[in-house]
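Colleague: Sharing a structure with you now.
None of the figures in this text is laboratory data; all of them are computed from the coordinates on show. Just so it is clear, the structure is predicted and the values come from calculations on it, not from any experiment. Cβ placement follows ideal geometry from the backbone for every residue including glycine, while neighbour counts extend to all protein chains displayed.
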Amino acid sequence: MLKSRDPNDFGRFYERHVGAVVSFLGPRVRGADVVFDLTAETFARAFERREQYDPARGPGVAWVLVIARNLLIDSVRRSRVLDESRRRLGVAPVAVDDAQLELIETRSQADLRAVLRGLPADQCEAIIRRFLLEESYPEIAEQLSCSEQVVRKRVSRGLANARQAVEEQP
């Protein structure tokens with residue numbers, strides 16, 4: 001889906017993962033407008049670099065969260081949100097009204113720690129090792145004395161459960 005040239009495929013990817021990106025960025029930045037700008041640039045960068053996505057390295061949501069994390073780090077270093085990918089793609093800035101900013105603010109307050117604590121222990125550990133500690137699937141499998149496929153399944157199920165929990169938060 002990510003490598004597809006059909007813009008509708010990327011649109012579906014965006015719809016599926018925008019909540020996770022907003023929930024990731026929200027607690028780390030001040031203001032819904034900054035969350036919005038970082039989210040927009042994250043997906044512009046993902047669209048621009050979609051050919052680089054390798055499903056063997058993990059699910060698409062993990063890939064886009066790494067992009068968001070890297071853009072967040074760059075924005076802190078530069079004291080501003082970069083928008084180079086959006087500009088290269090010729091995407092005009094989007095005007096956001098107060099209601100939309102409030103929705104972003106609400107979504108960005110999702111407590112990801114609580115979401116992770118709500119997951120089964122095996123799924124939580126797999127997600128933390130893969131995305132926070134950046135361990136490879138083979139490394140995790142060795143540490144947990146299970147197959148790489150089992151680790152991938154735990155991560156996949158955990159991300160699906162986490163996504164659902166974030167979407168259900170008030």
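Colleague: If R0 is 35 Å, what FRET efficiency do you get for Glu139 and Asp33 from their C-beta distance, rounded to 0.05?
Modeller: 0.35
Colleague: Applying a 10 Å radius around every beta-carbon, put 25-33, 125-133 in order of their mean neighbour count, most first.
Modeller: Packing proxy ranking, top to bottom: 125-133, 25-33.
Colleague: Please report how far the C-alpha centroid of the stretch 140-170 lies from that of the stretch 1-73, rounded to the nearest whole angstrom.
Modeller: Each part's Cα centre sits 19 Å from the other's.
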